[in-house]
1. So if we plug the beta-carbon distance of residue A:99 and residue B:160 into 1/(1 + (r/R0)^6) with R0 = 30 Å, what FRET efficiency do we get, rounded to 0.05?
2. Would you mind classifying chain A by shape? Square roots of the alpha carbon gyration tensor eigenvalues, ordered a ≥ b ≥ c; an a/c under 1.5 is rounded, otherwise it is prolate if a/b is larger than b/c and oblate if not.
3. Which whole-number percentage describes the relative contact order of the stretch B:14-251, with Cα contacts under 8 Å and a sequence gap of 6 or more?
4. Ranking B:298, B:170 by Cβ neighbours within 10 Å, fewest first, what do you get?
5. I'd like the mean, over residues of A:151-158, of how many other protein chain beta carbons sit within 10 Å of each residue's own Cβ.
6. Ratio of Rg to Rh for the stretch B:82-155, alpha carbon only, Kirkwood?
7. Could you work out how far apart the two model spin labels at residue A:53 and residue A:206 are, taking each label as a point 7 Å from the Cα in the direction of the beta carbon, and quote it in nm?
8. If we hang a label 7 Å off Cα along the beta carbon direction at residue A:121, how far is it from the matching labels on the other copies, in nm, shortest first?
């Protein structure tokens, strides 16, 4: 039995693996593999349609929102967004609260002026900046809702009249939010939505009116919308895995149901770690992520021992990112509470022995 | 029993489906699905490494060539190439010999001057232009080796000193060629290489020295090379399917072996069609594609009847593209000779009945 705490690509529901595996041999009883299936067929068009409408339903999106499944990952959106919405005269505001946000800022600067409204770089991005001002004269304000590497998460939506753009790659669909407050949401699929190689993009139609024109076709959101995410051959299988995962989420009760489970997992893990002084939690309680928990030990030898025990218990992906060290435990939607319990039991045993 | 003549996504070897299906439940006996597997792991890095080195081996590439697996399809390359290699002063020459080439030209014009050296638009792209001059002062000459929609294929490589760029999406790895004559080759995977959602890109290192700088990271080939196709989370599963297909191709004897089979399939189909005047072959013999055969009938009612019979025999994807009409039969590498025989038997029966 494996417990997959990978940061991404990461755990998906077991039934998604089973159905995806079956579809590679025989998709929808067609006698054909999903891998050899034409994308411009009613059967596959229905896959894209259903996936789009499940996103709308699960996120309770209003009629003004368009849902797209695009090639690439969030890194593609890092430049595609400013390419669409910035120029020499149109500036953007960015929050710098982690490795991914920093990358997004770097790409945006090639297309227009960028004002970094706040940064938590001073403490290795271990907290979410607060109390900053978002200028009113910007084309948009961009932030990362959850920082996979640093284990921080913004709880709540910034209060501003400026169009909001959020990279939700690592926490989309994990917590109930008023998603309609955003002008643009994007998320690489490989954490909470599906397999690597596809991006979920949600665009407000009014915001889209401000997009630059004369862009390469594949960079032009309007063309993707006009073609129903099939401007060219889409990542067929990756979209199908999204559909299976979205169906699973709906079946178990949607975002509010998964939020409860995610909160329970987070409570269990963080409260266990807080009990034992041999563990350090670098992120203050109010900024801790329910998706990626980061913790360290002061003794490198103990860290090594703990990692070995994790491996013996079948745990995968527990080692922290090289930029933070220690441990990182990702508990995306598909991670069962049982796996977190196996981990917290190990933490308890270990702490008792090495107190 | 299905016979899949889809133009793309299209048939892949049966053993590829079987292994891919297995890897979704348990990848390499790791107890994890390939869909939840970390891309920055030795196990997956070995997948990318092996896929790259199989491409080099099967195409007999020299040491100056870099192999990449990038997000997106050929349509992404349509703009990424001119973004890298054109500007107001650097012009390109393009051959306009089909729908895809026309799209590539449209995207290139946004980045620099484009000279269309020849076009077969006058006859609905039903032939490959010949006898054109490629100017010597261009950054590159771009053409499509095989035209999926129109059923034409360029047999041979244009003789020029100008850097050659080829879109080989629909015939890469199907015929022995001196691939080292090209400065840049690209191919959406979903025909001869693997699953939709990944691009094979081959770049000559000397040619790459002419690339523009200051590009978005994801558009910068040098950054992808420096990161071994893992600048961001790659389309993990799509790359794995490429590996399986490349392994299969090597096992059956490589490109020269598949070329013999492809020629046999083409000979069988075209010679059968030529026997019966109720079928029309719009493409002259010297330009016919071994990958996509296009044919029509003068009587729309007969066309409808023939299509119905094809369906009854389990044939998929035989209907022609709306821009050409009639029938299109794709016979990519993985298409067995037996399936073509089933089709030619049907053609013979049908023609005998309706002569």
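1. 0.10
2. Oblate, since a/c reaches 1.5 and b/c is not below a/b.
3. This gives 25 percent for the stretch B:14-251.
4. B:298, B:170
5. 0
6. Ratio of gyration radius to Kirkwood radius: 0.97.
7. Taking the two extended label points, one gets 2.7 nm.
8. Counterpart label points of residue A:121 in the remaining copies fall at 4.9 nm.
Here, each number is a calculation from the coordinates, and none is a lab measurement. All values reported here derive from a predicted model rather than from experimental measurement. For neighbour counting, all protein chains shown are included, and Cβ atoms are generated from backbone atoms with ideal geometry for every residue, glycine included.
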